[in-house]
1. For the chain, what's the relative contact order in percent, using C-alpha pairs closer than 8 Å and at least 6 residues apart?
2. Using a Debye calculation, one point per C-alpha and no hydration shell, please list log10 I(q)/I(0) for the chain at q = 0.11, 0.12, 0.17 Å⁻¹ in order.
3. First select every other residue whose beta carbon is under 10 angstrom from the beta carbon of P15; then total the charges, Lys and Arg +1, Asp and Glu -1.
4. Using a 1.4 angstrom probe on the protein heavy atoms only, line up T204, T227, T155, T14 by accessible area, largest first.
5. For the pair N94/V127, report the inter-label distance in nm, with labels modelled 7 Å from Cα in the Cβ direction.
6. So what is the 222 nm mean residue ellipticity for the chain from helices alone, if each DSSP H run of at least 4 adds -39500 (n - 2.57) and you divide by all residues, rounding to the nearest 500 deg cm²/dmol?
7. In Å², what does the accessible area per residue of the chain work out to with a 1.4 Å probe?
8. What length, rounded to one decimal in nm, is gained on full extension from K149 through to K24, with 0.36 nm per residue of separation minus their alpha-carbon distance?
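The values are calculated or read from the model by the stated rules, or taken from the named source; none is laboratory data. Quick caveat, the model's predicted, so the values are computed rather than measured. When we count neighbours, we look across all protein chains shown, and the Cβ atoms used for this are built from the backbone with ideal geometry, even at glycine. Heavy atoms of the whole protein, side chains included, go into the accessibility calculation; ligands, DNA and RNA do not. Shrake-Rupley method; radii C 1.70, N 1.55, O 1.52, S 1.80 Å.
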Amino acid sequence: MSFLSHLTELLFPTPQICPLCNTKQDKLMICASCLEKLEKIKKDLSQCSRCGTFGRIGSFCDNCRDWPPYMAKNFAAVPYIDEYKELLHKFKFNKQGWLAPVLVELLLKEIPPAKFDLVLPVPLHIVRFRERGFNQSVLLAQPLACGLKVTYSDTILQRKLNTPHQTGLNRKDRRLNLEGAFQVARINLVKDKNILIVDDVLTTGATLLECAKALRNAGAGTIYCTTWAAGVV
């Protein structure tokens, strides 16, 4: 830990709680009771084995049946409901970046090792970044790449268009809204590479699809994705 990180931790200590139920723990961690509850919820809901959408059974669903063959799979840790949705909102909108390690801890349980050559976060446009002050996908992707022991970069995949927010748009309009929004800055670094794209939540998958298309057009191999949460249908 750097001196600055150590000083920050002394001045603003990370809460030693379970962030889902707020019970006191030895460190910041999701407690055994909440993990058991999550496993039961996931089992009861079921999950698409390709895109990770909850409430679906089988190898594909309405969300991913038209995904191109190079878009292999999305790994999702939790359903986008209740306390999991609330926790993600705290992380994303309330600037509680200290939650990243526990979110990543769950993701690492979902992702098989040794499948990827690169880990890339979904990029924010510079205007959106200045508004928010951080990119939540970067906060997830950096420690995730470290945990997977895979090369990480947040400069290869770039967002060139500042598109309107996706909220309120249907599946078709979400895809149209993002068309051409991303570009690859260094094509030589993605050619024939298997890539894991990291984002916070999958709803229709439009953002991940557009990122994957840009990477594939630049010569990438198989594209995988991971999102901490996925929608429930």
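1. Relative contact order here is 22 percent.
2. Values returned for q = 0.11, 0.12, 0.17 Å⁻¹ are -0.56, -0.67, -1.36.
3. Values: positive: K24, K27; negative: none.
Net of charged neighbours comes to +2.
4. I get T155, T14, T204, T227, largest accessible area first.
5. If labels sit at N94 and V127, their model points lie 2.9 nm apart.
6. -11000 deg cm²/dmol
7. Per residue, the chain has an accessible area of 51 Å².
8. Numbers: separation 125, 0.36 × 125 = 45.00 nm, distance 3.09 nm.
Roughly 41.9 nm would be gained on extension.
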